[in-house]
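Worksheet: the structure to be examined is printed underneath.
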Amino acid sequence: MDLIKLLIYVYIAFFVLAGINHFLNPQFYEPLVPKFIPFPQLTHQLTGVIEIVAPLFLLTKYRKEVAIFMIIFLVLIYVANLYVWVNNLPYGNRYFSNIQHFYRFLLQIAYIFITYLIYRYE
């Protein structure tokens with residue numbers, strides 16, 4: 001198995017588990033939804049469903065389309081992280097320093113880059 005194929009499986013597992021966590025720990029996610037977005041519970045649940053379902057389609061003939069969708073999705077959900085950073089809100093019961101938020105931003109860039117690698121994979 002080549003490295004990108006392995007990366008795809010790890011990527012899928014990561015997002016499926018993250019999506020499931022939206023339902024196991026909803027109290028963590030609801031406060032992260034920016035106040036200007038209505039229906040925070042529904043919003044984070046929809047995010048969880050997308051994180052569970054969309055990556056599974058990376059194993060189908062729609063891999064490129066789903067990778068583009070995931071890149072857009074990753075950019076959009078970073079709005080919640082930016083909201084937490086700007087408003088100095090906690091992640092669960094923990095507050096991040098500016099440098100930790102910056103590292104979280106770099107991590108989001110890494111997710112987007114990995115998704116781009118998956119997009120480019122033949």
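Where a number appears in this text, it was derived from the coordinates with a stated rule and is not lab data. What you see is a predicted model; the values in this text were computed from it and never measured.
Three semi-axes describe the equivalent ellipsoid of the chain; taken as square roots of 5 times the Cα gyration tensor eigenvalues and ordered largest first, they are 26, 16, 12 Å. Taking 0.36 nm per residue of separation and subtracting the current Cα-Cα distance, fully stretching the chain between residue 113 and residue 25 would add 28.9 nm. Set against the 2.2 N^0.38 Å expectation for a compact globular protein, the range 67-122 has a Cα radius of gyration ratio of 1.28. Between amide H atoms placed 1.01 Å from N, distances below 5 Å from residue 91 occur with 96, all of them 5 or more places distant or on a separate chain.
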